[in-house]
Amino acid sequence: MSIRDVYIVDAVRTPIGKFGGALASVRPDDLAAHVVRALVDRSPALDPARVDDVYFGDANGAGEDNRDVARMAVLLAGLPVTVPGVTVNRLCGSGLEAVIQAARAIALGDASVAIAGGVESMSRAPWVLQKPERAFPAGHQQLHSTTLGWRMTNPRMPAEWTVSLGEGAELIADKHGITRERQDAFALASHRKAAEAWAKGLYDDEVVPYPDVDLTRDESIRDSTPEALARLKPSFRREGGTVTAGNASPLNDGAAALLLVDEDGLRETGREPLARIRTSAVTGVEPQLFGLGPVEAVRRALGKAGRSFADLRTFELNEAFAAQALGCLAEWPELDPEIVNPRGGAVAIGHPLGASGARLAGSVAHQLAAAGSGTGLAALCIGVGQGLALVLER
């Protein structure tokens, strides 16, 4: 059996809304449906019934994104009911996992045309109430927020594995000697690059605003200063902490989607592809050091592609925390940091968990198309200790 080439024909995303912001009134299944519909509309020569499957990443799934949000997106977007959908969960890597699974299906001949993406509404993530072990409890019951992080943790888990995400970033700062000043400077650069990219129209080809919502660009980008960031108090360690709200990604809402095809599907779209999917890799690390998950995943993905850091034209690395991103960069001394997140990263743009991986893959594809050729890479750290990476080429 021959392995088929897999092409990214198009990639779209919503502007990323901040927690409780402009997209907070929009259900996650509607966000997902919006990018699916926009993607289909941008390839009018393709019959929507030709979509073999829709893969969507979603890290929460506890609220309005329940009942297989990928299938809900298909139905709400008005695609034929014959188009199926599957939701995947690899926490922060869910959107990229969806792209990888869709690409794998096409490469193996199980599909010719697929949509892959991700969605998250952290604003609308519900509180959940566990069922009592015995009926009719007399005492108060605890609600758990499903917005982010550990909840209802298994008591068998070692305590060092279940520290907060922010404490995990602090551990990486400790490991690599990453100061508060370096983290703040990294955060400022992320905001500056994102603002410049928007000002230059670099996101115009991929961002599709949600209708009847007053949001046309990413909502979390700020015009800050070193002095303003320095005044923020540490969020996770009271004594000696370095991680703050200013040098970490915020809580966000958003969705992203990509159109993937084989050679036959490419002819049906009548379009030139943005990029070709080359290889991917996933790895595991100690849960508390989740932020370093991409280190080995990236090396493995590049090795499978027969490429090195020197071959990269662009690299989209998710910025869960400035300390986490800087920790990864410290372990890739041969990588030119200037090619990393040239249009800003998640500290500025935002990190709607299930959508971020699809956003990164789409951004790499658009950047390669704009350059005309080259190799690009998308990678994320993942809570509970994983890393995921994807290599694209044009």
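The values are calculated or read from the model by the stated rules, or taken from the named source; none is laboratory data. Since we're looking at a predicted model, the values are computed, not measured. Every residue, glycine among them, receives a Cβ derived from its backbone with ideal geometry; neighbour counts consider all protein chains shown. These area figures cover heavy atoms from the full protein model, side chains too; ligands, DNA and RNA do not enter into them. Shrake-Rupley method; radii C 1.70, N 1.55, O 1.52, S 1.80 Å.
Observations on the structure shown:
- Difference of contour (0.36 nm per residue) and Cα-Cα distance, ASN89 to ALA330: 83.9 nm
- Of the whole protein surface, VAL26 contributes about 10 Å² of accessible area at a 1.4 Å probe radius.
- The chain, dipole about Cα centre (Lys/Arg Cβ +1, Asp/Glu Cβ -1), debye to the nearest 20: 580 debye
- Spatial separation of Cα centroids for the range 253-292 and the range 90-156, in angstrom: 20 Å
- For LYS18, a cut-off of 19 angstrom between C-alpha atoms picks up these lysines, skipping any fewer than 8 places away in its own chain: LYS193.
- With every protein chain in place, the range 211-310: carbon and sulfur % of accessible area (1.4 Å): 48 percent
- Packing around the peptides 349-361, 128-140, 240-252, 188-200, taken as the average count of other Cβ atoms within 10 Å per residue, puts them in this order, highest first: 349-361, 240-252, 188-200, 128-140.
- Probe 1.4 Å, all protein chains present, accessible-area order of TRP127, TRP332, TRP161, largest first: TRP127, TRP161, TRP332
- Relative contact order for the chain: 28 percent, from Cα pairs under 8 Å spaced at least 6 residues apart, divided by residue count.
- Note on surface exposure: ARG278, ARG13 rank ARG278, ARG13 by accessible area, highest first, 1.4 Å probe.
- Of the peptides 369-375, 379-385, 17-23, the order by per-residue mean of other Cβ atoms within 10 Å, starting with the highest, comes out as 379-385, 17-23, 369-375.
- Between the C-alpha center of the range 180-218 and that of the range 1-80 there is a gap of 22 Å.
- Per residue, the Cα convex hull of the range 277-394 amounts to 88 Å³.
- The range 1-105, Rg to Rh (Cα coordinates; Rh as Kirkwood inverse mean 1/r): 0.97
- Across the range 68-176, C-alpha contacts under 8 Å between residues 6 or more apart give a mean separation that, scaled by the residue count, equals a relative contact order of 14 percent.
- Between ASP311 and THR82, the distance separating the two model label sites (each 7 Å from Cα on the Cα→Cβ line) works out to 4.0 nm.
- Fraction of accessible area attributable to carbon and sulfur, the range 24-83 (%, probe 1.4 Å): 51 percent
- The alpha-carbon of LYS200 sits under 15 angstrom from the alpha-carbons of these aspartates and glutamates, leaving out residues fewer than 8 places away in its chain: ASP218.
- Figure note: TYR55, TYR203 ranked by solvent-accessible area, largest first, 1.4 Å probe, ligands and nucleic acids not counted: TYR55, TYR203.
- Relative contact order, percent, the range 1-156 [alpha-carbon distance under 8 Å, six or more residues apart]: 26 percent
- Using a probe of 1.4 Å, the accessible surface attributed to MET152 totals some 90 Å² when neighbouring protein chains are kept in position.
- DSSP assigns beta bridges within the range 251-394; of those with both partners inside it, close to 75 percent run antiparallel.
- For the peptides 333-340, 282-289, residues were scored by their other Cβ atoms within 10 Å and the scores averaged per peptide; the highest-first order is 282-289, 333-340.
- Each Lys or Arg adds one and each Asp or Glu subtracts one; over the other residues with Cβ under 14 Å from the Cβ of ALA195, this totals +2.
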